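Below is one structure, written out as structure tokens, with a few remarks after it.
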Amino acid sequence: MATRVVDPAKVRALEESRTLNPRPEQVVDEAFINSPFLDPYDLVQVKYEMVRRVRVDKVPVARAAPAFGFCRQSFYAIAAALDAGGPAALAPGKPGPKGPSKLTGPVMEHLEALLETNPGLKAPALAVVVAESFGITVHPRSVERALARRREARAHGQEENIRGADR
């Protein structure tokens, strides 16, 4: 087996895009070992080639998955992601929360209704209302930011984004 030269610039680029394979040494598929094009450090390429190997080359999942450093269950999840979203779906998603966990749509609608009847209410008072009405502790600054996001979305005619982002 030939020793592969690892390009530090490519590794940095893969890290920045969150597509660096954390276990390149587990990719023991013969095509990856023998090809200068196929790169075990490129997670998207590894996942795509694993699915291709099963579907096109008719290699059994039980043999292909470990050769690419995955278990069978991961293979099926990767194949489903590829089917649903194409190769872009093989890249890891953005880390962190995907939406509000406390200031959801119903909470924000309640606060906006209160503000319509009493526009003088400030964020600290609204945070108290959220605690009393919903049993949720939230920082007043979070209330201010959530209200500002909803105002901004309305100003840009993105009413559907308000409902989708606050669920």
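For segment 72-111, filtering for residues that are among the β-branched types (Val, Ile, Thr) and not in a loop (DSSP other than H, G, I, E, B) leaves 2.
Based on this model, can you work out whether residue 124 counts as in a helix (DSSP H, G or I), outside the structural domain of residue 54 (by TED's automatic domain parsing) and either crowded, with 16+ Cβ neighbours inside 10 Å or in contact with a Pro (Cβ under 7 Å, 6 or more places away or on another chain) (or both)? Spelling it out, residue 124 is indeed in a helix (DSSP H, G or I), outside the structural domain of residue 54 (by TED's automatic domain parsing) and either crowded, with 16+ Cβ neighbours inside 10 Å or in contact with a Pro (Cβ under 7 Å, 6 or more places away or on another chain) (or both). The criterion of at least 2 residues that are touching a Lys or Arg at 6+ places or on another chain (Cβ under 6 Å) and either of a type outside the set (A, V, I, L, M, F, W, C) or buried (at least 19 other Cβ atoms within 10 Å of the Cβ) (or both) is met, among helices (runs of 4 or more DSSP H) falling completely within segment 7-71, by 61-67. Taken over segment 99-109, the residue count meeting the criterion of being surrounded by fewer than 15 Cβ atoms within 10 Å (Cβ to Cβ) and of a type outside the set (S, T, N, Q) is 4. Scanning segment 113-154 for residues that are within 32 Å of the chain's Cα centre (by Cα) and more than 19 Å from residue 101 (Cβ to Cβ) returns 151, 152, 154.
Matching residues to (1) touching a His at 6+ places or on another chain (Cβ under 9 Å); (2) among the β-branched types (Val, Ile, Thr); (3) under 22 Å from residue 22 (Cα atoms); (4) without any contact (Cβ under 8 Å) to a residue 60 or more places away in the chain:
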position	(1), (2), (3), (4)
45	no, no, yes, yes
58	no, no, no, yes
66	no, no, yes, yes
71	no, no, yes, yes
74	no, no, yes, yes
79	no, no, yes, yes
83	no, no, no, yes
101	no, no, no, yes
104	no, yes, no, no
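The values are calculated or read from the model by the stated rules, or taken from the named source; none is laboratory data. Here the structure is a predicted model, which means the values were calculated and not measured. A quick note on method: Cβ atoms are made from the backbone with ideal geometry, for glycine too, and the neighbour counts reach across all protein chains shown.
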